[in-house]
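Asker: Pasting a structure below so you can have a look.
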Amino acid sequence: MKGTRDFPMCGFSNTVVQILKNLNVPFEVVNILENEMVRQGLKEFSSWPTFPQLYIGGEFFGGCDITLEAFQSGELQEVVERAMCS
């Protein structure tokens, strides 16, 4: 994401942080603004050009739009619960 969990540096990153806090799940962030190699590497790894990128259980889940849609439908809660039980 852009920024940190306490200080997101864009609205999309803030949205994902707020969703994860709302779900009350543990999560870590990587501030891609601190390292251009990490930023480019994640884009290549996920084949996703924008940030934030959400990974659940080590697998790429999606960006802000997909995360928000999944949160609103309840799907995200289910995916997170499955990952935490694994």
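The values are calculated or read from the model by the stated rules, or taken from the named source; none is laboratory data. These numbers come from a predicted model, not from an experiment. FYI the Cβ positions are ideal-geometry reconstructions off the backbone, even for glycines, and counts take in every protein chain you see.
Asker: Using beta carbons and a limit of 7 Å, which pairs, at least six apart or on different chains, have the first residue in the range 1-23 and farther than 15 Å from Ile66 by Cβ and the second one modelled with pLDDT under 95 and exposed (fewer than 15 other Cβ atoms within 10 Å of the Cβ)?
Answerer: none
Asker: Right, something else. Of the residues that make up the range 17-29, is at least one over 21 Å from Met84 (Cβ atoms), crowded, with 18+ Cβ neighbours inside 10 Å and out of contact with any helix residue (DSSP H, G or I) (no Cβ under 6 Å at 6 or more places or on another chain)?
Answerer: No; the residues of the range 17-29 include none that is over 21 Å from Met84 (Cβ atoms), crowded, with 18+ Cβ neighbours inside 10 Å and out of contact with any helix residue (DSSP H, G or I) (no Cβ under 6 Å at 6 or more places or on another chain).
Asker: If you take the residues in the range 48-86 that are hydroxyl-bearing (Ser, Thr, Tyr) and touching a residue at least 12 places away in the same chain (Cβ under 8 Å), which one is surrounded by the most Cβ atoms within 10 Å (Cβ to Cβ)?
Answerer: Within the range 48-86, the match that is surrounded by the most Cβ atoms within 10 Å (Cβ to Cβ) is Thr67.
Asker: Still on this structure, I have one more. For Pro26, state whether it is without any contact (Cβ under 8 Å) to a residue 40 or more places away in the chain and part of a loop (DSSP other than H, G, I, E, B).
Answerer: yes
Asker: Identify all residues within the range 66-86 that are under 16 Å from Phe27 (Cβ atoms), of a type in the set (Gly, Ala, Ser) and part of a helix (DSSP H, G or I); write none if there are none.
Answerer: Across the range 66-86, the qualifying residues are Ala70, Ala83.
Asker: Turning to a different aspect of this structure: So, in the range 29-65, exactly how many residues are among the aliphatic types (A, V, I, L, M), assigned to a helix (DSSP H, G or I) and touching a strand residue (DSSP E or B) at 6+ places or on another chain (Cβ under 8 Å)?
Answerer: Number of matching residues: 1.
Asker: Continuing with this model, one more query. All but one of (1) within 19 Å of Val79 (Cβ to Cβ); (2) exposed (fewer than 15 other Cβ atoms within 10 Å of the Cβ) hold for Asp6; which doesn't?
Answerer: (1)
Asker: Within 11 Å of the chain's Cα centre (by Cα), modelled with pLDDT of 95 or more and not basic (Lys, Arg): which single residue out of Gly62, Gly3, Gly74, Gly11 fits that description?
Answerer: Working: Gly3 fails: within 11 Å of the chain's Cα centre (by Cα); Gly74 fails: within 11 Å of the chain's Cα centre (by Cα); Gly11 fails: within 11 Å of the chain's Cα centre (by Cα).
Answer to the selection: Gly62.
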